[in-house]
Amino acid sequence: MKIKQLLIGTTLSIGLLGGCSGELTASAEEIVSNVLEADKKFDAYYGKAEMKFYTGKEVTENISFEEFVSNDQKRKVITTDHKKNNQQVFSLNDGKKVITYEQGSDKAMSIPFSDEESPASITPKEQLTKLLEGLGKTHTYEVVGEEKILGLDTYHLKVKAKSKKSVLGDMEYWVDQKTWFIVKAITNSGDSRSEMEYKKLDFTPKFDNDTFTLNIPKNVKIENLDNSLQPTTGTIEEAEKALGEPFLIFDEKTAKLERVEWLNLKGELNRTEVTISYETAEGSTFSLSIFPTPKEKGMEIEGEDSKIRGQHAGYMEEISAVTWDENGMRYTIIMDQPDLTLEKMSQLTESMHLSSNK
C-alpha cells in the first residue's frame, strides 16, 4: 500500500482569513477553526507548479504541471516529466468524465463518474477537515511565521510527526491567507521527500473557449474504463476462483461477513484484489483486502514494525491499517472504529483459516 505521496501537491482553496500582516496574528488553532467554519465556493484559477521527489539526496522524479480550473470546476492539467525527455500527459475533467492522454501513445483513457463522485463535489472545507482528522492522532501542527510567495501573504505551517516510526513524517505548508490555497508544500516519509511549489498563480483567469478541450490525434483509441473499474460482488467461493488461490478469512464466530467483492486491476498492478467487509459482535466494522504478494521494487510492507499471526507486519496508525504477507498473499486490514486497536485485531486474526479448508 503506497501512501507516501498522500497530501503532496494538494490544492485546497477556501475563502477565509482576511489578509494579515506584521506580527503573526493567529494561532494554529484559530486558523484551523476559521477554516472549518468557512465554506466558500472553490473558484477558478490558473497555476503553474514544479514538483520533485527525492530518495536521500537523489532526485527520483522531476515534473512540472500546468492547471486550468474554471468556475464550474472543469479542470485541465498538463504534466511534463523532465526525467523522461519532457514527456507530457494531458488530463481533462469536464465534470462528467476524466480523459487522460499520454503524448505519443495510441490509446487514451476515459473514466466517467457521477455528480457525487466528482472531485468538484468535495469542497475544500471537506478536504481540509479530512486531512486534519487523518493526522490528528499522529501529528501536531503549529504556525511558525508568515511569508510572501508570488506576492501572496502566506502562513507557514509545520506539521510534525509524534513518532519517528510514522509512515508520514514531518510536513510544511505555505498557505495563502485569503484563499487558503496551498502555494508550497514539503513532505517527508522515511528517506523520501517531496517538494511542490507554484511558480505562477492567477485567481482571476480569462480562458479561451477551447481551453477545456483535448487535441487527441485521430488515430488514438479512447478506452472507457468504467466497466473495468467496477468491482464484482459475490461469494467467498467465487472470490477464491477469481483470485486463483485460497486465502485466509475470519471465523464466523469472530466476525460476521458483510460483503465480498473483487476488482481485476490492469496496467502496472495487473492483479486481482479481493476485499471483504466484516462486523464484530460488538458492532465494530473493518475490511480485509487480499492479493498476491507483490515482488516489484517499492512494494515492500510499510509502517511501524509489528506482528500478525507470527508474521512481520507493518502498522500505519494514520489510517488504522495493518499489512502482512503470508503464504504468497498480502493481507491488509483497515479498522474503521477506534475501539478496534492493533492489539485486539491481532487477537482476532488468530481465528483466521483458509477459505477452502473450513
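The values are calculated or read from the model by the stated rules, or taken from the named source; none is laboratory data. Model, not experiment: these values are computed from the prediction. Virtual Cβ from ideal backbone geometry, glycine too; neighbours counted across all protein chains shown. The accessibility values were calculated without ligands, DNA or RNA, using every heavy atom of the protein model including side chains. Shrake-Rupley method; radii C 1.70, N 1.55, O 1.52, S 1.80 Å.
Measure up K76/K199; K57/K297; K164/K184; K107/K266 against 22 Å on the Cα-Cα distance and list the ones that go over. Beyond 22 Å between Cα atoms: K164/K184.
Cα centroids of the stretch 139-183 and the stretch 44-85: how far apart, whole angstrom? One Cα centre to the other: 20 Å. Fraction of C-alpha pairs exceeding 17 angstrom in the stretch 55-94: 43 percent, rounded to a whole number.
Packing order of peptides 202-214, 252-264, highest average first: 252-264, 202-214 (average count of other Cβ atoms within 10 Å over each peptide's residues). Based on alpha-carbon atoms, the Kirkwood radius and the radius of gyration of the stretch 194-270 give Rg/Rh equal to 1.23. Amide hydrogen proximity for E326: with H placed 1.01 Å from N in the peptide plane, the residues at 5 or more positions away or on another chain lying under 5 Å are Y331. By the equivalent-ellipsoid construction on the alpha carbon gyration tensor, the stretch 228-332 comes out with semi-axes of 20, 20, 13 Å, ordered largest to smallest.
Taking one quarter of the surface of the C-alpha convex hull of the stretch 129-287 gives a mean projected area of 16.3 nm². Treating cross-link reach as a plain straight distance, find the lysines whose alpha-carbon is under 20 Å from the alpha-carbon of K74, omitting any fewer than eight places away in the same chain. Correct list for K74: K40, K41, K48, K96, K97, K125, K200, K206. Summing +1 for each Lys or Arg and -1 for each Asp or Glu among the other residues whose beta-carbon sits under 9 angstrom from that of Y54 gives -1.
For the stretch 259-345, carbon and sulfur atoms together expose 46% of the accessible surface, with a 1.4 angstrom probe and every protein chain in place. Compared with the direct C-alpha span, the chain from K165 to R271 gains 35.2 nm at full extension, assuming 0.36 nm per residue.
Here the stretch 314-358 has an Rg and Dmax of 11.5, 34 Å, counting Cα atoms alone.
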